[in-house]
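Enquirer: Sharing a structure below in structure tokens format, with a few things to ask.
The values are calculated or read from the model by the stated rules, or taken from the named source; none is laboratory data. Note that the coordinates shown come from a computational prediction; the quantities given were computed from them, not determined experimentally. A quick note on method: Cβ atoms are made from the backbone with ideal geometry, for glycine too, and the neighbour counts reach across all protein chains shown.
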Amino acid sequence: MVSPDSNDVDRAFELSVQAGSPGAEIRGGLQVRLTAVPAASGLFRERARTWLDDLQWPPQERDDVVAAVCEAVENVISHAYHARQPGEVLLNAHVERAPQGMRQAVLEVIDHGRWRQAPADPGDRGHGFTIMRASMASVRTVLSDGGTRLEMRSRSVPA
Amino acid sequence: MVEPLEDEPGEESLLGLDTREVPGALILTVTGEIDLLTTPRLRAAVSECLDRADELLVVDLTQVSFLGSHGLAALVGAAQESANGRNKAPLRLVVDGNRPVVRPIQVTGLDEVLALYHSVPEALV
């Protein structure tokens, strides 16, 4: 079998993983910042999955959040894929109280834009956004001069 | 915090691609995660198998633990290659009830496009 592209693996070094930032959230937050290369995709999934497991998120809802995070991150990465110097992609996540004793994961995937190239294949992009919308309660893209921020809220799960 | 990556994404991103021949068909068993990193290897393996298979190619996805949009696009591309190519074997996908694979296929409506089966024996009939 062919091994993963070692260049990609080498370049996807992780800059920071922090847990526990305070705020409106009811439990500790997650922050992951990685170089936007394909090898980063699996790391984002692993970090999100571990975070949700620690929060005892229901497995199917956890898998859906992980799938949405992966599509959001891969959307950034595939735009950056042909850039000479890929930028970074950042995941911020926290948990908020929801009505009736429920809770929601609130996630944002951020890139800083300038290194981004032409959009990926529209077919891929379409499937990716379809999966995100089917997996989360809401998905919103915010464009700014500095880049793009994708905001997602999970479906509510019991606290 | 900088962590060494050598052994980090490896396990998560490993994709297993095993083939075996049975009378009348070639079976490609896929294990692991199909994402942006691993999709090109899956696509290449399926193309190679479509050339190799005489009568039928069965791709077993029941042990795949993640399938993303790039992998979906690759499977659709392979299905089109199978349907439109000259002397290409038919392509059948075994997914059973494997949610990480079935859910992205269903929410994107691609269950209308892909030939899905519950088990390898069912796909071989």
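Enquirer: Of all residues in segment A:28-63, which are within 20 Å of residue B:32 (Cβ to Cβ) and acidic (Asp, Glu)?
Expert: Residues satisfying the conditions are A:46, A:53, A:63.
Enquirer: Tell me whether segment B:84-97 contains one or more residues that are over 23 Å from residue A:128 (Cα atoms), of a type in the set (D, E, K, R) and surrounded by fewer than 18 Cβ atoms within 10 Å (Cβ to Cβ).
Expert: yes
Enquirer: Just a yes or no: is a residue in segment B:55-64 over 18 Å from residue B:27 (Cα atoms) and within 14 Å of chain A (Cβ to nearest Cβ)? Reasoning before the result, please.
Expert: Looking only at segment B:55-64, we keep the residues that are over 18 Å from residue B:27 (Cα atoms), and these are none.
Within segment B:55-64, none of the residues are over 18 Å from residue B:27 (Cα atoms) and within 14 Å of chain A (Cβ to nearest Cβ).
Enquirer: Among the residues of segment A:26-46, what is the count of those that are buried (at least 21 other Cβ atoms within 10 Å of the Cβ) and under 21 Å from residue A:134 (Cα atoms)?
Expert: Number satisfying all stated conditions: 4.
Enquirer: In segment A:6-64, what residues are modelled with pLDDT under 60, in a strand (DSSP E or B) and not acidic (Asp, Glu)?
Expert: Listed by number, the residues that qualify are A:15, A:16, A:17, A:18, A:19.
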